[in-house]
1. All but one of (1) more than 15 Å from the ligand (Cβ to nearest atom); (2) within 22 Å of Gly364 (Cα to Cα); (3) β-branched (Val, Ile, Thr) hold for Ile270; which doesn't?
2. Would you say Leu472 is out of contact with any Asp or Glu (no Cβ under 7 Å at 6 or more places or on another chain) and under 22 Å from Glu524 (Cα atoms)?
3. Step by step: first the residues of region 555-606, then only those that are among the small types (Gly, Ala, Ser), surrounded by 21 or more Cβ atoms within 10 Å (Cβ to Cβ) and more than 25 Å from Ile378 (Cβ to Cβ), then the one that is modelled with the lowest pLDDT. Which residue is that?
4. Take region 294-326 and flag every residue that is away from the ligand (no atom under 13 Å from the Cβ) and assigned to a helix (DSSP H, G or I).
5. Could you list, in sequence order, all residues of region 98-122 that are under 18 Å from Cys47 (Cβ atoms) and in contact with a helix residue (DSSP H, G or I) (Cβ under 8 Å, 6 or more places away or on another chain)?
6. Kindly list the number of the only condition in (1) part of a helix (DSSP H, G or I); (2) of a type in the set (Asp, Glu); (3) crowded, with 21+ Cβ neighbours inside 10 Å that fails for Glu45.
7. Just to be sure, is Leu411 at pLDDT 95 or above, buried (at least 20 other Cβ atoms within 10 Å of the Cβ), of a type outside the set (Ser, Thr, Tyr) and outside the structural domain of Val373 (by TED's automatic domain parsing)?
8. Counting only residues that are touching a residue at least 40 places away in the same chain (Cβ under 8 Å) and assigned to a helix (DSSP H, G or I), which one in region 487-522 is farthest from Thr570 (Cα to Cα)?
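The values are calculated or read from the model by the stated rules, or taken from the named source; none is laboratory data. Since the structure is predicted, the reported quantities are computational estimates derived from the model, not experimental observations. A quick note on method: Cβ atoms are made from the backbone with ideal geometry, for glycine too, and the neighbour counts reach across all protein chains shown.
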Amino acid sequence: MCGIVGYIGDKDCADVLVDSLEKLEYRGYDSAGIAVIEKGIIKVEKCKGRLANLKDKMVLEGKPCGGCGIGHTRWATHGEPSDINSHPHGNKRVTIVHNGIIENYRQIKEFLISEGYSFVSETDTETVAKLMDYYYTGDPIETITKVVAEVKGSYALGILFRDFPDRIYAVRKDSPLIVGVGENENFLASDVPAIMKYTRDYILLEQNEIAVVKREGVKVYNTHRELLNKEVYTADWDVDAAEKGGFEHFMLKEIHEQPTAVSTTIMPRISDNMPDFTVEGFDAKKLAAYKHIFIVACGTAMHAGMVGKYVIEKLARMPVVVDIASEFRYRDPLIAENDLMIVISQSGETADTKAALELAKSRGADTLAIVNVKGSSIAREADMVVYTHAGPEISVASTKAYMVQVAIMYLIAFEVAYGRGQITKEECERLTREMAHMPEVIEEAMCLKEQCQYAASKLLNADSLLYIGRGLDYALSMEGSLKLKEISYIHSESYAAGELKHGTISLITENMPVIAVVTQKGLEEKTISNIKEVKARGAMVVLIAAKNIELEDGVADIVIRLPEGDELLTPMVAAVPLQLLAYYTSVLKGNDVDKPRNLAKSVTVE
Ligand code: M6R
């Protein structure tokens, strides 16, 4: 949550900061602000709302001029979204931008008040800024070292000291931060897309490393003031990947990118028609030897884990526990040596998922991370990493990242099942070949757009919706429901179809549409009976069904037929109309599809 940027160089700093912040708005958009050193004075411009408001403000009032500055886009934690709570914070001597949460800010604030400091905002960040001022000795590194020794919580900080107008200081703990390395110009950012227009080279800051970013170069120190030799990484993402490329929204673009994303993710993990994770450090034998598998993640990533559970249990006959990271980390889980913990995270920075990973490690379990962002905290901490190659996902609502996570879960399931002798090599090869064919089937599903648009037009006025399915279709409907509610703001729940009669069916009226997913043979008759039950009680039903499922006329109000694919893998195809349904409902309601209210892409606080 929150995005921070910094720039030093010959370009117009305010322009670069605003431009970079645009790429980070997915991290929060409650307010935006910049601070630029203009003729030796730190000048701040900030305001509530989207970055566009700040741009308008600077057109009207003028922008600060200079070549060195920091910027921020906020997802509010402490203090409501307002001008005064917007970052940057500080005073004439020290000004900072912050991403994270300072847990002991109240104690620090009380102490500083007793020392004569006054506060204007409700933020935790202002206490750090004032503490920085309190400890300021004329030596920024010494000052920063004292401050980080005192604050508890998570932070990525960009810091300007008025006395050092030729540099930006930066430090991080538990919130991501990179330093972009250019020619006679350097950058600071929470994430790579922010700097891609200017440079592909970057340094990853580790816990409590302090960066001194000057025009002519970057130096990184540890808290003992030792100069570190940092590796410079080069981003391999396409610059255009972070642009809309002619699509109205990033979400729609990202839905369309799914066939390619799946292909680039799975093909390096398939050899001779078999799953192959040797590069990632595991194989069928290793996976089969684990006693238990835990899959832990948040939100959409957790839903990808649910699909993984169903497929691993079905094929490998091995119990899998799926847990929400925020629950897992606090419920003293029964995880131990010889267990495998799989964490799934697009960003690789989700605070709860990271904490769950650390807990599993401390209990002696092996950890395997499925992560999209290279070099992210979770990727660096896990014992084994499978990178998904979805490219940057900008829309807050995850689509392509989910699809590739699911694809990897399937390949892992095939590998465990084969390792445990539950499927033959021939069956494993067959399934893997079917997976290799999935990008084409997913591509075919894109032609369901118009049907989904029509179905969406029938959902607009609902106050609440139900998603139902059984088995894998239930796992999938959880994701369909989340997608719809997060961007359309219509309440929805996903239910195991068989559970309806145990309470929820009493909610059904003509004002509660039901989205049913039926892709699995053997379960179809059961779910279709449930569809009849809700229809008999007045519900409008949208049915997403596999091609081979026989349906009576009139079984549902709208039937969306999926293109043909292997039955076990069909949930990947069904994900597409579920995403499109959510997308068009949001568009038709006139919502901000890519930046739904109250949300941020990367949840780096618990
Ligand atoms: O970056 P992560 O995959 O760890 O994020 C986890 C969730 O916050 C995320 O999947 C969220 O639920 C989606 N943005 C919803 O579309």
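1. Looking at each condition in turn, Ile270 falls short on (2).
2. On the way: out of contact with any Asp or Glu (no Cβ under 7 Å at 6 or more places or on another chain): yes; under 22 Å from Glu524 (Cα atoms): yes.
Criteria met by Leu472.
3. Start the filter on region 555-606 by keeping residues that are among the small types (Gly, Ala, Ser), which leaves 556, 565, 574-575, 582, 586, 590, 600, 602.
Retained after the next criterion (residues that are surrounded by 21 or more Cβ atoms within 10 Å (Cβ to Cβ)): 556, 565, 574-575, 582, 586, 600, 602.
Filter once more, so that each one left must be more than 25 Å from Ile378 (Cβ to Cβ): 556, 565, 574, 582, 586.
Values: Ala556: 96, Gly565: 90, Ala574: 97, Ala582: 98, Ser586: 96.
Per the stated criteria, the residue is Gly565.
4. Selection gives Val307, Gly308, Lys309, Tyr310, Val311, Ile312, Glu313, Lys314, Leu315, Ala316.
5. Here is the first cut: in region 98-122, the residues under 18 Å from Cys47 (Cβ atoms) are 98, 120-122.
Within region 98-122, His98, Val120 qualify.
6. (1)
7. Working: at pLDDT 95 or above: yes; buried (at least 20 other Cβ atoms within 10 Å of the Cβ): yes; of a type outside the set (Ser, Thr, Tyr): yes; outside the structural domain of Val373 (by TED's automatic domain parsing): no.
Considered against the rule, which asks whether it is at pLDDT 95 or above, buried (at least 20 other Cβ atoms within 10 Å of the Cβ), of a type outside the set (Ser, Thr, Tyr) and outside the structural domain of Val373 (by TED's automatic domain parsing), Leu411 comes out as no.
8. Just the residues of region 487-522 that are touching a residue at least 40 places away in the same chain (Cβ under 8 Å), to begin with: 487-490, 507-508, 511-521.
Among the residues that remain, those that are also assigned to a helix (DSSP H, G or I) are: 487-488, 507.
On the way: Ile487: 25, Ser488: 25, Leu507: 30 Å.
Checked region 487-522; the qualifying residue farthest from Thr570 (Cα to Cα) is Leu507.
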